[in-house]
Structures are given as structure tokens and as C-alpha cells.
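The values are calculated or read from the model by the stated rules, or taken from the named source; none is laboratory data. Not measured: the values here are computed from a predicted model. Virtual Cβ from ideal backbone geometry, glycine too; neighbours counted across all protein chains shown. These area figures cover heavy atoms from the full protein model, side chains too; ligands, DNA and RNA do not enter into them. Shrake-Rupley method; radii C 1.70, N 1.55, O 1.52, S 1.80 Å.
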Amino acid sequence: MENELILKNLSEARKKQLIAMWEVFKSNRVAYTSLYVLLGLIGLVIVGLFYTPYNPYDFDLSRARQPPSLKHLLGTDELGRDILSRLMVGGRYTIGISFISVLLGSIIGSTLGLISGFFGGRIDTVIQRVVDVALAFPTVLLAIALMVSLGPGILSLIVAISISTFPTYTRLVRGVVLQVVNEDYIAAVKLLGKSSWYIMFRHVLPNVLSPIIVQTTYYLGFSILLASALGFLGLGVPPPIPEWGAMISTGRVYLFSSPHIVVFPGLFIMITALSFNLIGDGLRDALDPKSRMFLRRF
Amino acid sequence: MEKVLEILGLRVYYELPQGTVKAVDGVDLDVFKGEILGIAGESGSGKSTLALTIAGLLRPPAKVISGKVLFRGIDILRLSNDELRSIRGRKIGIIFQDPVTYLNPIYTVGFQVGEVFEAHRGGKILKYLNEVINLFKAVKIGDPERRVYSYPHQLSGGMKQRVLISMAIAEKPELIVADEPTSALDVTIQAEIVELLNEIRKELNTSIVFITHDLALLLEIADRIAVMYAGKLVEVGKTYEIYKDPLHPYTKALISVLRYERKRRPTPIKGSIPSLINPPPGCRFHPRCPYVLPKCSQVDPKLVNVNGRYVSCLLVGGSDGGGS
């Protein structure tokens with residue numbers, strides 16, 4: 001009975017904390033709006049899984065390059081395909097690829113950074129030299145080189161983006177870990193006789209989690225740009241899949257005569273990337289316990 | 001009286017590139033059951049090193065050169081890490097100076113105190129919540145049912161120190177080593193914490209080694225006081241005896257500063273604490289001693305028993321027929 005009460009209190013304390021985070025996030029109007037813009041975009045892509053106004057692959061040269069109208073809300077492209085339908089279908093590739101690859105990159109990069117900072121010594125040196133090498137290449141160039149060597153395809157796109165994002169995570173996490181492991185409370189837990197892995201995941205990781213989360217939202221925006229850039233260069237998913245970058249690539253010939261073919265995919269890319277970045281700003285504030293305290297007091 | 005801790009001829013040196021720092025250089029000291037033993041000394045007198053040694057927390061470059069620290073007859077300096085773990089935190093509790101840095105900012109204080117139980121007894125942390133609440137009651141944290149869910153940043157410095165004290169007494173230790181537990185707190189909170197330690201001592205019949213640079217504070221709570229100077233004990237005795245009639249010139253100077261506080265100007269001790277890499281020969285206090293004799297720079301005085309007190313001074317020991 002008493003234990004139930006305690007459990008209830010505990011879950012209430014956690015709930016309170018989440019609500020406080022949400023309040024701080026909400027108080028950042030720009031981030032809050034961006035969240036809804038992004039949710040709307042993702043909603044559109046999810047709808048695209050089941051329904052599109054037109055078949056995105058159906059071409060009909062008789063209605064090619066039509067400007068936006070009631071019939072085709074965002075117009076048609078150079079082969080007469082409905083741009084809205086194509087964007088709705090292409091989003092799942094652009095957003096999906098960037099999500100999965102950043103997730104992969106952050107998990108690999110953070111784990112390496114955690115190990116590197118926590119254990120130090122020879123492991124640290126080896127990991128850091130690998131990161132040095134990876135960071136020596138410009139990110140886009142590295143991704144292009146990887147794409148060329150791996151060959152086109154969704155899987156190699158994911159691998160290429162994860163490999164070009166993980167070194168930053170390793171550096172970032174290692175830096176924060178080095179600060180945290182020297183704190184007295186880590187020494188105190190060590191004295192209790194806990195194992196290194198317990199300390200690493202239970203006490204160090206949660207302390208470095210907020211920079212990881214913030215970095216991830218920034219990288220989601222960046223990887224959308226990277227995926228689009230690779231698609232634009234023809235290194236992304238093979239045609240006729242309407243990946244957003246590839247859509248810009250094929251439409252660029254008509255930039256002056258029918259700008260809508262390029263502008264709408266470009267807008268979608270820009271809005272998605274921008275939303276992720278702005279949400280990242282809001283999250284950074286919300287995840288800082290000090291700003292929560294600040295809010296509660298006033 | 002029953003001895004809880006016995007320190008015999010302890011020498012702890014720090015091996016640094018600049019030379020060997022003789023932080024603790026031949027200390028003999030007993031701690032009896034249920035007493036508060038105060039260790040007083042200036043910064044750099046080796047008192048914190050002594051505390052860390054007792055708690056089994058020495059880290060390189062610190063090195064025990066010789067001596068024994070017998071806890072209940074077991075030399076804790078010879079124990080392996082696993083054996084040490086069964087004593088440290090269970091039989092010997094530790095309270096540190098700065099309560100802020102010893103709490104993880106992302107977990108509730110209740111969780112962190114529960115973790116101490118979990119580490120010693122196993123099981124889930126949540127299982128120990130009732131015990132944690134009881135502990136919080138014992139250290140007089142108001143509204144303990146709610147405070148266990150507080151994060152460290154929501155608590156004041158005094159509260160955090162209470163949380164750390166609750167961790168130290170979780171397993172009802174026989175000995176508590178408190179290394180400057182009140183130095184980071186303001187004076188009113190200091191008094192409360194000292195009072196709390198005194199109550200814990202009475203309730204659990206624990207011995208407390210209370211280390212501080214604040215001699216006035218020790219006069220309030222300690223049963224006995226050991227005064228350290230440059231890695232050596234200069235005087236050990238009952239608190240009121242030391243206050244009434246300090247024997248060693250260094251203790252005399254310290255007490256006179258406290259006594260003459262109301263007059264315009266206390267007499268300072270001239271000079272400063274010597275380097276522990278090259279301590280002065282003979283008595284380490286002789287360059288600053290107002291009663292210095294020629295032989296003081298040649299003979300290193302030993303701690304001798306003078307009417308139930310221990311003093312290391314040629315002046316005092318000599319008058320009693322003891323000496324070097």
C-alpha cells in the first residue's frame with residue numbers, strides 16, 4: 001500500500017518534470033511553431049503512404065509544366081507528373097533516410113565518444129585518431145566519395161550519411177564526458193563499487209544526453225540537406241523515385257520558364273531543415289534544468 | 001576505553017616531480033568508541049591527507065610509506081579493494097567538504113541515497129524508498145516524503161549536506177570521517193549541522209573524526225582535539241584541557257588568538273607554514289616559535305605523555321624529564 005503510494009508519487013514527479021520541460025519549450029514561440037510546421041509536413045508524408053491526389057509516376061506530356069492550379073495544387077513537372085503527389089511520396093525517402101542515418105550516426109558516435117572519454121588511455125587515442133581522419137575530409141566530399149564507392153541506393157545513402165556524421169558526435173560527447181567523469185559524484189559512485197559500464201550508462205550518459213539530443217536535431221536538418229544534395233548530384237536514390245533533391249535536379253533545366261518545378265521541392269527541403277534547427281534551439285533550453293527552475297519561480 | 005581506530009607511525013608522502021611532499025610524517029593517534037575527535041590544523045598541515053587515509057581513499061601520487069591504520073584491529077592499508085569496500089561506506093562513513101559536487105544533478109536525492117543501499121545490499125533502488133525516507137527524518141530534512149523526489153539544485157547547501165550525511169550514516173557506521181563538513185556552509189547552518197552530527201553520535205554511539213581548520217568550532221563539539229602542524233601532531237588532549245592550558249607553543253598561539261578576540265588585535269603567529277618538501281630540521285615549528293631554544297633546530301621532539309596529554313615539544317617534555 002505504502003509502496004504503491006510511493007510509486008505514484010514517483011511517476012507524478014517524473015510527469016511534473018516532463019510538463020515543466022514542455023512549458024519551457026512552449027515558451028519559445030518560434031520552436032513551438034516549427035514543431036507544428038514539421039508535424040504538418042510529416043503528416044503530409046504519412047498521408048502519402050496511403051493516398052496521393054495523382055499517381056506520382058504517371059506521366060502525361062499533354063499537361064507538362066503546368067503552373068499551380070486548383071487541379072494541380074503545386075503544378076506539374078516537365079513530364080506532366082503532379083508535384084504535390086511526388087513531394088508526398090518523395091518525403092518518405094528524404095526524411096526517412098535522414099532520420100535513420102542520423103540515428104545510426106548518433107548511436108555509433110556517442111557510444112564511441114562515451115568509451116573514449118570514460119576509459120581514456122590507449123582506447124581514447126585510437127578512437128580519436130580515427131575521428132581525426134574522418135574529420136579531415138569535408139563532410140559533403142566524404143559522403144560523395146562513399147556514395148561513389150558504395151554505389152547508388154538507399155542503403156548506401158544511409159551508410160554514407162551516418163559515416164559523415166558520427167565523428168562530430170564522438171568529439172562532442174567525449175568533451176562533455178571528460179568534464180563529467182572528473183566530478184566528485186562519479187568518484188563517489190565508483191567508491192560504492194559499481195562497474196564501469198553501470199557508471200558509464202547510468203551516471204555519465206544521462207549527463208551528456210542533452211547535448212546529444214540537441215546535436216541530433218541540428219543534424220536532422222543537415223542530413224536532409226545532405227541527402228538532397230546527393231540526390232541532386234544523382235548519387236542518391238535512383239530515378240524515378242521522387243526524392244526531393246532529385247526532383248530539383250531534374251527540374252533545374254526549367255528554372256526560368258517554369259520555376260515552380262524547382263521552387264516547391266526546394267521550399268519543402270528548406271522548411272524541414274529549418275524546422276529541425278529551430279526545434280533544436282527550443283530543446284536546448286527545455287533540457288537545461290536551470291531554465292526550468294527559472295520558469296517555475298516566475 | 002574501547003579503541004575503534006588506532007593509527008600507528010603513519011607516514012604518507014606525495015611523490016611529485018618537484019620532490020617528495022611529506023604530508024603526514026609520523027602520526028600516532030587513537031579514536032575511542034563514541035567520541036568526537038577533532039583534528040585541527042592550517043591548510044597544508046596534512047589533515048585532509050590523514051582523513052583520506054583513514055577512509056581508505058588515497059590515490060596516487062599519495063603513497064603510504066610506513067605505519068598502520070587499525071580499524072577494529074584490521075589494518076585497512078593492507079586490504080584489497082574488495083575487502084576495503086566492505087568496510088568503507090559500511091563501517092566507516094565519510095562526509096566531504098563540498099556537498100554540491102558529490103550529488104549527481106540529474107537524479108533525485110532519494111535515488112542517490114537509495115543507490116547506497118542498493119550497492120551494499122542489492123535489489124532494486126525503489127525497494128529502499130522507505131528506508132531513505134526514514135534516513136531523511138533522522139537527519140532532520142523537513143517533509144522527507146516529498147524531499148526524496150527533489151533534485152540537488154532544488155536544495156540549499158545545508159540540505160545537501162544533510163543528504164550526504166544521510167548517505168554516510170545509511171549503514172550505521174562505527175566511525176564517521178568528516179573532512180571539513182561545514183566549511184562550505186554559512187555559520188547558522190554550520191551550527192545546525194554540528195548539532196546534527198552530535199545527535200547522530202549519541203544515537204548510534206558512533207565515533208566521529210572531525211577535521212577542520214576552525215579551532216573555535218572544535219572547542220564546541222570535540223571531546224578531544226589533536227592539533228596538526230606540518231604533517232605532525234603537536235598536541236593531543238581533552239578539549240577543555242587544551243583550551244584551559246595549551247602546552248605546545250603552536251597550540252598556545254592558536255588559543256591566544258581565540259581568547260584575545262575581543263581586544264583590538266590578536267597576536268598573529270609570525271611566518272607561514274613551512275614547505276613540506278623541505279621541512280625545517282628538528283622541531284618543525286622552531287622557525288616560528290617564540291620560545292625557541294638552540295637545540296630545537298637539531299632535535300625532533302617526540303609526542304610524549306604529559307599528565308594524560310600528548311605534546312611534542314622540547315620545552316614541555318624536558319620539564320617532565322621526557323624529551324627526545
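Things worth noting here:
- Of the residues A:W22, A:W197, A:W244, the one with the largest accessible area comes first in the ranking A:W197, A:W22, A:W244, computed with a 1.4 Å probe on protein heavy atoms.
- Förster radius 45 Å - calculated FRET efficiency between B:Q154 and A:I271 (Cβ-Cβ, nearest 0.05): 0.70
- Span per principal axis, largest first, for the Cα atoms of region B:99-170 (Å): 30, 22, 19
- With R₀ fixed at 35 Å, the C-beta to C-beta distance from B:A216 to B:L126 puts the FRET efficiency at about 0.20.
- Peptide A:186-192, shielding by other chains (average Cβ, 10 Å cutoff): 6
- By the helix-only formula, in which each DSSP H run with n ≥ 4 contributes -39500 (n - 2.57) and the sum is divided by residues, chain A has a 222 nm mean residue ellipticity of -25500 deg cm²/dmol.
- Extension gain, A:L209 to A:D288, is 27.4 nm, computed as 0.36 nm per intervening residue step minus the present C-alpha separation.
- The long axis of helix B:109-121 is offset from the longest Cα principal axis of chain B by roughly 80 degrees.
- Interface burial for A against B (accessible surface, 1.4 Å probe, total of both chains, Å², rounded to 100): 2300 Å²
- Chain B - accessible surface per residue (Å², probe 1.4 Å): 45 Å²
- Cross-link table B:K22/B:K244; B:K3/B:K244; B:K3/B:K202; A:K190/B:K3, entries beyond 20 Å C-alpha to C-alpha: B:K22/B:K244; B:K3/B:K244; A:K190/B:K3
- Residues within the reach of a label modelled at B:V257 (point 7 angstrom out along Cα to beta-carbon, backbone nitrogen below 14 Å), restricted to region B:19-49, are B:40-45.
- DSSP-defined antiparallel bridges as percent of all bridges, the protein assembly as shown, nearest 5: 65 percent
- Trypsin sites (Lys or Arg not before Pro) within region B:191-298: DSSP coil, no more than 12 neighbouring Cβ in 10 Å: B:K263, B:R264, B:K270
- In nm, spacing of pseudo-spin labels at A:D132 and B:N278 (7 Å Cα→C-beta vector): 4.1 nm
- If you model chain B as an ellipsoid using its alpha carbon gyration tensor, with each semi-axis the square root of five times an eigenvalue, the axes come out at 37, 22, 18 Å, biggest first.
- If you plug the beta carbon distance of A:F119 and A:L255 into 1/(1 + (r/R0)^6) with R0 = 45 Å, you get a FRET efficiency near 0.25.
- In degrees, nearest ten, helix B:157-168 long axis to first principal axis of chain B (Cα): 90 degrees
- Peptide B:101-110 - average C-beta neighbours from other chains (10 Å radius): 6
- Highest-fluctuation residue, A:S164, A:S34, A:S11 considered, GNM on chain A with Cα pairs under 10 Å: A:S11
- Convex hull volume per residue, computed on the Cα atoms of chain A, equals 181 Å³.
- Length-normalised contact order for chain B - Cα pairs under 8 Å, 6+ apart - percent: 20 percent
- Positive minus negative residues near B:Y149 (Lys, Arg vs Asp, Glu; Cβ under 11 Å): +1
- Per-residue extension of 0.36 nm, minus the Cα-Cα distance of B:R146 and B:K244, leaves a gain of 30.6 nm for this segment.
- Kyte-Doolittle at least 0.5, axis length at least 27 Å by Cα - qualifying DSSP helices, chain A: A:29-50, A:83-119, A:154-181, A:205-232, A:260-286
- Degrees between helix B:187-204 axis and first principal axis of chain B (Cα, 0 to 90, nearest 10): 80 degrees
- Using only the C-alpha atoms, the convex hull of the protein assembly as shown corresponds to 212 Å³ per residue.
- Heavy-atom accessible area order for B:K140, B:K33, largest first, 1.4 Å probe: B:K140, B:K33
- Apportionment of accessible area to carbon and sulfur, region A:75-297, percent (1.4 Å): 71 percent
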